[in-house]
Amino acid sequence: MNSKRKKSEALKYHSHPKPGKIEVVPTKKYSSQRDLSLAYSPGVAQPCLEIAENKDDVYKYTSKGNLVAVISNGTAVLGLGNIGPEASKPVMEGKGVLFKIFADIDVFDIEVDTENVDEFVETVKRIAPTFGGINLEDIKAPEAFEIERRLVEELDIPVMHDDQHGTAIISTAALKNAIEIAKKDIAKVKIVVNGAGAAAISCTRLYISLGAKKENIIMCDSKGVIQKSRKNLTSQKAEFATDREDMHTLEDAMKNSDVFVGLSKGNIVSPEMLKTMAKNPIVFAMANPEPEIEYDLAIKTRDDIIMATGRSDYPNQVNNVLGFPFIFRGALDVRATKINEAMKMAAVHALADLAKESVPEQVNITYNEVNISFGKDYIIPKPFDQRLISEIPPAVAKAAMESGVALQPITNWEKYKHDLEDRLGTGNKIVRLLHNRAKAQPKRVVFAEADHLDVLKAAQVVYEEGIAIPILLGDKETIEELMDEIGFDSKIEIIDPKSYKERKRKRIFAEKYWELRQRKGVTMFDADKIMRERNYFATMMLNEGDADAFISGYARKYSTVLKPLIEIIPKVEGVDKISSTNVMLTKRGPMFLSDTAITPNPTGKDLALIAEMTATVVKMFGMTPALAMLSYSNFGSADNHTSRKVKEAIAILHECCPDLVIDGEIQADFALNPEMLKEKFPFSKLVGKNVNGLIFPNLDSANINYKLLKELNGIDSIGPVIMGLTKPAHILQLGASVDEIVNMTALAVVDAQNKEKLEKY
């Protein structure tokens, strides 16, 4: 992406459809006058009086307990420097987004217009009654140290400067495991820390808490080794100044060192410097966006190295998102009065221990790995590991209780873990995981309607984000004009099936198509003519291996695009009818609705097959299927041809797939309400399960329901996902948005990855 387009995209993202990235949403009903009288006057007086009598009741009657202030003065915004409070607001809003999506914590961002420590501290103290916790952000050193120290001492709610402690906690967890893998002794390792800002100081202090010896640590800044003889040192730098006079430069310090920790700037460590380090060196090059030494160069230089960076495209990413959402989550849930060293170290050990546990298949799937396991390339958990929410907060909460700073202890830890897992129900996480998986191994995706602007915009996004390698079909001149219009200046393959250039390939495709359809009334003349049509040409590209996946349907009706797929692409063994499912990204998590696009009136046997194929798609998303076969009837409460075919489908599935969690016939409300289901139908296989798939009795009900959900509730969807073909071909809804096309493309890539794996086995 060129800089001009990157700037335009970023500005558009922040300004449309409404300015900013966060908003306040009511949590109570407000539809009637009665609701409003309870929300405000006169009903609001009652909780006010209760809180006036007992101040702690503010946690009972308001959102304080789940509300964190992200506070900055904009004096040290990452990569931008001292840009002021107003200019820092987009960053603080972004931090609020991360708090919400990773730990379900609400945030108000607060930008304070002062660089004076006393004024800043006083401001935060005066607004603190509003919040359950304070996250300090992007405040320059050394003021950041004093601000945090005073607020921790003077407030009775958790306060943490994430720039310091977030990086410190994650890198300390990584260091603990790296030292174990390298078979070294934390008390003996020689550590070089390059950088002396807030993060570097906090990291070094936590390394010492882990067991590192102060005398074995050399800290450097832009002037070289920080020595005690240097004048005008800050108190923080003086804390880690060395009395050794035999080293002056970073190069000197790195000789025979065991660990290098970089919190400075990119490309300041050379291969020669790396070669002077001790055996099995540990290198954390955490400068962003360019590490102190490039990952590939470091690995090439030392085959015994254990390497971590701040980047997501390499193993061992030291990312603050592994820490701050979950640390605050644990602190808030026990109403901790502070975040102390015990809680930080609890997070360190929990993160380190989690990396040693068997990795769930969902994590392997997300990162396109066969078996992620503890070792040089996996010393800390992955950011998208869903176990983080259930492992880190409990560890932090327990440490708060044991260290005497928890005002509301947790007694039922099993229930607490379950509640934590429920907080991550939003379907948007699935989209992030989907994109991440696609990026791990992008595939060639042919866009059959690339001369439409939105399709081309989507192709541009997936190319620039590394999700897919687009192949653009359509009139070349039109496509190039549109590419120029949107600043898409990359070298992308453009194919016009009607062009003279493609005559040879078109002829080959026509012959193959004729061979497939010659006993279906198709002549060679017909085949040659048909191959001028882009959807047929693109389908043949997919079938013959010239592309890995197929996307179309933006401007053509569904049946028109489906026809060549059915005619050309073989079905999966055992499948006589293909079907489809839509992934609805609901608040309770992804919900798979089938069949939404293909089979008008399925038989009982058809429904059983649709359910089996839906289960396969659910697994592709890294989830365990729990499917409800829907009807207007509940387990025999009504008897007609519709309920009977659903009953038949269930009987087939219970016999042929006894391990599949599916039941019916059942009404939708019982399927989606665990309490109602358990009370009325305790015998059901769905009791105690979170249903994530709904199989409808016919196309009408499935299609109507998914479109109602989409339009009335504003729910995003991915699909329809075609099931039953041996090749990854997927059809868009007419007029799909750019985001919908991008998501469908990511799904097509992941589908291609999965089918490729199946072919190997």
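The values are calculated or read from the model by the stated rules, or taken from the named source; none is laboratory data. None of these values were measured; they are calculated from a predicted model. Cβ: placed from backbone, ideal geometry, glycine included. Neighbour counts: every protein chain shown.
Summary of computed values
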item: Selection count, the stretch 296-323, where residues are at pLDDT 95 or above and among the hydroxyl-bearing types (Ser, Thr, Tyr); result: 1
item: Among residues of the stretch 611-625, those that are under 16 Å from Met584 (Cα atoms) and in a helix (DSSP H, G or I), counted; result: 6
item: Count of the stretch 652-693 residues which are touching a helix residue (DSSP H, G or I) at 6+ places or on another chain (Cβ under 7 Å) and among the polar types (S, T, N, Q); result: 2
item: Answer residue from the stretch 22-65, given it is closer than 17 Å to Ala128 by Cα and among the acidic types (Asp, Glu) and is surrounded by the most Cβ atoms within 10 Å (Cβ to Cβ) among those; result: Asp57
item: Some residue of the stretch 465-476 being part of a helix (DSSP H, G or I) and over 28 Å from the mean Cα position of the chain (by Cα); result: yes
item: Cβ-Cβ under 8 Å pairs, at least 6 apart or on other chains, the stretch 38-62 side touching a residue at least 40 places away in the same chain (Cβ under 8 Å), far side surrounded by 10 or more Cβ atoms within 10 Å (Cβ to Cβ) and part of a loop (DSSP other than H, G, I, E, B); result: Asp56/Leu407; Tyr59/Gly132; Tyr59/Arg335; Tyr59/Gln408
item: Residue list for the stretch 633-671, filter: among the aromatic types (Phe, Trp, Tyr) and over 14 Å from Leu694 (Cβ atoms); result: Phe635
item: Residue match in the stretch 474-493 (condition: under 18 Å from Pro564 (Cβ atoms) and at pLDDT below 95); result: yes
item: Close pairs from the stretch 497-523: first assigned to a loop (DSSP other than H, G, I, E, B), partner among the hydrophobic types (A, V, I, L, M, F, W, C), Cβ under 7 Å, at least 6 apart; result: Pro497/Leu473; Pro497/Met531; Pro497/Phe537; Val522/Trp514
item: The listed residue being in contact (Cβ under 8 Å) with a residue 40 or more places away in the chain, assigned to a strand (DSSP E or B) and more than 30 Å from Cys656 (Cβ to Cβ), out of Leu585, Leu593; result: Leu585
item: Among (1) at pLDDT 95 or above; (2) surrounded by fewer than 19 Cβ atoms within 10 Å (Cβ to Cβ); (3) under 28 Å from Leu263 (Cα atoms), the one test that Ala69 misses; result: (2)
item: Failed item, numbered, when Thr745 is tested on (1) surrounded by fewer than 18 Cβ atoms within 10 Å (Cβ to Cβ); (2) modelled with pLDDT of 95 or more; result: (1)
item: Single residue of Leu434, Leu482 found to be surrounded by 16 or more Cβ atoms within 10 Å (Cβ to Cβ) and either touching a strand residue (DSSP E or B) at 6+ places or on another chain (Cβ under 9 Å) or acidic (Asp, Glu) (or both); result: Leu434
item: Residue count, the stretch 235-270 (criterion: surrounded by fewer than 14 Cβ atoms within 10 Å (Cβ to Cβ) and either in contact (Cβ under 8 Å) with a residue 24 or more places away in the chain or β-branched (Val, Ile, Thr) (or both)); result: 4
item: Of residues in the stretch 655-665 being in contact (Cβ under 8 Å) with a residue 12 or more places away in the chain and out of contact with any Ser or Thr (no Cβ under 8 Å at 6 or more places or on another chain), the one nearest to Lys685 (Cα to Cα); result: Ile662
item: Check on Met254, over 34 Å from the mean Cα position of the chain (by Cα), outside the structural domain of Ile71 (by TED's automatic domain parsing) and under 25 Å from Gly79 (Cα atoms); result: no
